[in-house]
C-alpha cells in the first residue's frame, strides 16, 4: 500500500471509531437521562392530580401529553385543553408556544368527551383545566427522537 493510501485508510478508521464513540456516549447519556425521568416518576407523590408536558406544534391545536401522577409517560394521552375555568399558561401569558416542553402539575379532569383536531385529522380526549403549577422548565427527555419538541415538525412523537 502506498503511503498516501495508508494515511487515508488510517484517517477513515479513526473517524469511524470516533463516530461510534460519540454515538455510544450519546446513547449512554440518553439512557442515564431516561433513568432519571423514571426515578422522578417513581418518587412522585400519589394524589388527585395529573402531570402534563406541553407539546406545542405550530400546525396543531392539541395542548400536550397528560398522565396520572406516578404513572409512566407511555400511559399519557395527547389532549385538547378545555379552558372554561382556567387559561393554559402560554395563552395567559399571551405568548403561544412559549412553554413548549415545560412540565406541569395539572389540576382538573378528563371530561369524557373526544375532540376532533382537523390539522392532524385526529381525535383527542378533552382535559378540563382548573389549575396548574410549573414542575420543570427543563425536564428530562420523554421522546426517543431528540427533534420531537421542534414546533415546526409535523411529526407527533409518542412518549416512552
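Every read-out reported here was derived from the displayed coordinates using simple, explicitly stated rules and does not represent laboratory data. These numbers were taken from a predicted model, which means no experiment stands behind them. Positions of Cβ are backbone-derived with ideal geometry, glycine not excepted, and every protein chain shown enters the neighbour counts.
To keep it simple, each residue is scored yes or no on (1) within 16 Å of residue 79 (Cβ to Cβ); (2) not in a loop (DSSP other than H, G, I, E, B).
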residue	(1), (2)
109	yes, yes
120	yes, no
132	yes, yes
141	no, no
145	no, no
148	no, no
153	no, no
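I'd like to verify a number: residues in the range 102-147 that are within 11 Å of the chain's Cα centre (by Cα), buried (at least 17 other Cβ atoms within 10 Å of the Cβ) and free of Cβ contacts under 8 Å to residues at least 40 places away in the same chain, how many?
Total satisfying the criteria: 1.
Which of the residues belonging to the range 120-139 are within 18 Å of residue 106 (Cα to Cα) and out of contact with any strand residue (DSSP E or B) (no Cβ under 7 Å at 6 or more places or on another chain)?
In the first step, residues of the range 120-139 are kept if they are within 18 Å of residue 106 (Cα to Cα); the result is 124-139.
The answer is 137, 138.
Taking residue 99 and the conditions (1) surrounded by fewer than 19 Cβ atoms within 10 Å (Cβ to Cβ); (2) in contact with a strand residue (DSSP E or B) (Cβ under 8 Å, 6 or more places away or on another chain), which numbered condition does it fall short on, given that it satisfies the others?
Result: residue 99 passes all but (1).
Kindly indicate the residue of the range 52-71 that is in contact (Cβ under 8 Å) with a residue 60 or more places away in the chain and more than 18 Å from residue 132 (Cβ to Cβ) and also farthest from the chain's Cα centre (by Cα) among those meeting that condition.
Among them, the one singled out is 59.
Tell me which residues, restricted to the range 48-69, are assigned to a loop (DSSP other than H, G, I, E, B) and in contact with a strand residue (DSSP E or B) (Cβ under 9 Å, 6 or more places away or on another chain).
The answer is 48, 49, 55, 56, 60, 61, 62, 63, 69.
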